[in-house]
Amino acid sequence: MKKVYFKTFGCRTNLYDSQVMMSAMQEYEVTENENEADVVVVNSCTVTNGADTHVRSYLSHVEKIGDAKVFLTGCGAHTKGEKLLEQGRVAGVFGQSEKLKIDAMLSKEEPFYEPGDLNYIDEAVVDDFIGKSRAFIKIQEGCNFRCSYCIIPFVRGDARSMDEKRILEQITRLALNGFGEFILTGTNVGSYGQKTDSSIAKLMKKISQIRGVRRIRLGSVEPIQITDEFKEILGEPWLEKHLHIALQHTSPQMLKFMNRRNVYKQDRELFELLASKGFAIGTDFITGHPGESEELWDEAMKNVRDLPLTHLHAFTYSKRDGTPSATMKPEVNGKLAKERLHELENIVKSKNLEFRKAFNGELDVLVESEKDGLYVGHDQHFNKILIESDEDLIGNWVNIKNYTVKEESNYGRV
């Protein structure tokens with residue numbers, strides 16, 4: 001059998017899609033060593049220019065190390081696929097809807113471009129995750145929001161939810177295979193159930209009743225998706241004490257420029273409610289979007305300092321052709337956008353340290369890997385902890401009472 005190596009860029013949805021392709025292959029063998037691969041599948045991201053650059057750099061890397069046949073899929077298939085195919089850098093390009101046909105795609109002799117269907121609904125069931133101790137569950141695809149800077153709705157389509165029975169079947173299988181932590185993922189996770197008389201809260205309640213499910217974690221949700229129904233489950237022991245809620249900015253004027261649906265005053269009230277219930281809170285943030293004046297930036301940072309934030313996924317604005325933001329003025333200098341990014345990162349890093357120092361309870365940790373003689377895991381607040389132990393802890397749940405809080409992460413011993 002020919003060996004296939006999967007290189008996955010971007011979000012957890014792509015991680016899930018790669019796993020679907022691995023599980024669907026019958027005529028090929030998965031390898032975790034790219035040097036022995038006959039075929040490389042690049043599952044790409046196109047959310048920023050940087051993401052596109054990473055994909056092109058990786059293609060150059062593959063070209064240097066051998067003669068593996070390379071195929072491109074993922075979001076970049078829709079924006080950069082045709083050009084890369086014309087340049088002869090990939091043997092074929094296929095969209096996310098074609099992933100269950102992976103054997104047929106990899107067997108094609110002639111170059112091809114098959115972007116697929118942006119309205120498809122995923123019907124795959126995955127019952128294992130190669131090389132992982134946590135399971136990623138895709139519950140929806142696409143997004144109905146039209147933020148002015150974002151290309152994703154154009155490459156993932158409108159929001160649609162996966163079949164609930166299929167989701168529960170998949171989690172049941174994975175729980176039987178020893179997985180205890182489930183990360184619900186998608187393009188816009190909080191929109192789950194919009195057209196099916198369900199909701200993200202209803203789905204999580206059903207998942208929690210499956211034997212073996214210990215912790216449920218969500219991908220990024222929008223502030224308006226933390227409904228009264230959602231607030232009713234905040235005290236449940238199976239819900240991770242960490243929520244990632246996308247703000248993108250904290251200046252009211254910038255939120256208007258970005259065509260966002262959230263309102264800073266309401267965001268702050270929500271974050272304070274969650275913090276009062278012991279939650280660590282992460283957010284997404286873009287610096288350097290057109291129109292971000294010094295005055296608006298200062299206002300945003302004042303607001304950030306007032307928020308009980310602990311985690312951050314931030315990046316500088318990246319112009320995507322075809323989006324409203326691409327033609328907005330005035331543009332922000334790239335160097336200034338990076339300086340603002342670092343300022344923001346430092347504020348949230350300091351807030352995370354304060355949060356860890358203030359918490360004096362036990363840490364419930366799933367150990368995921370081992371590096372440099374220390375085991376690595378994440379606690380219920382999605383904070384990393386490094387653990388010293390004479391036992392092999394990978395894949396185990398450990399409860400840590402005594403630990404040291406350091407700037408980069410917590411340290412414990414089992």
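The values are calculated or read from the model by the stated rules, or taken from the named source; none is laboratory data. Bear in mind that the values here come from a model prediction, so they are computed numbers and not experimental data. Here Cβ is always computed from backbone atoms with ideal geometry, including for glycine, and neighbour counts include all displayed protein chains.
What about S325, is it of a type in the set (S, T, N, Q), touching a residue at least 60 places away in the same chain (Cβ under 8 Å) and in a helix (DSSP H, G or I)? I'd like the intermediate steps shown before the answer.
Numbers: of a type in the set (S, T, N, Q): yes; touching a residue at least 60 places away in the same chain (Cβ under 8 Å): yes; in a helix (DSSP H, G or I): yes.
It is true that S325 is of a type in the set (S, T, N, Q), touching a residue at least 60 places away in the same chain (Cβ under 8 Å) and in a helix (DSSP H, G or I).
Return a yes/no flag: does the stretch 236-247 have any residue that is over 27 Å from F359 (Cβ atoms) and without any contact (Cβ under 8 Å) to a residue 40 or more places away in the chain. Spell out how you get there, then give the answer.
Restricting attention to the stretch 236-247, the residues satisfying the condition of being over 27 Å from F359 (Cβ atoms) are none.
For the stretch 236-247, residues over 27 Å from F359 (Cβ atoms) and without any contact (Cβ under 8 Å) to a residue 40 or more places away in the chain: absent.
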TODO: State yes or no: is V30 more than 20 Å from V155 (Cα to Cα) and either in contact (Cβ under 8 Å) with a residue 40 or more places away in the chain or surrounded by 13 or more Cβ atoms within 10 Å (Cβ to Cβ) (or both)?
DONE: yes
- [ ] Looking for whichever is crowded, with 21+ Cβ neighbours inside 10 Å, polar (S, T, N, Q), within 27 Å of D379 (Cβ to Cβ) and assigned by TED's automatic domain parsing to the domain that holds N188 here; the options are T287, T283. Which one fits?
- [x] T283
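Please tell me if F136 is part of a strand (DSSP E or B), more than 30 Å from D321 (Cα to Cα), at pLDDT 90 or above and touching a helix residue (DSSP H, G or I) at 6+ places or on another chain (Cβ under 8 Å). Walk me through how you get there before you give the answer.
Values: part of a strand (DSSP E or B): yes; more than 30 Å from D321 (Cα to Cα): yes; at pLDDT 90 or above: no; touching a helix residue (DSSP H, G or I) at 6+ places or on another chain (Cβ under 8 Å): yes.
Taking the combined requirement at face value, the residue does not satisfy it.
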Task: Search result, residues across the stretch 193-236 that are under 23 Å from the mean Cα position of the chain (by Cα), of a type outside the set (V, I, T), more than 20 Å from L270 (Cα to Cα) and outside any helix (DSSP H, G or I) - done: G193, Q194, S198, R214, R215
- [ ] Go through the stretch 338-393 and give me each residue that's over 30 Å from V304 (Cβ atoms), of a type in the set (A, V, I, L, M) and within 22 Å of the chain's Cα centre (by Cα).
- [x] V367
Task: The one condition in (1) in a loop (DSSP other than H, G, I, E, B); (2) of a type outside the set (D, E, K, R); (3) surrounded by fewer than 18 Cβ atoms within 10 Å (Cβ to Cβ) that G10 fails to fulfil - done: (3)
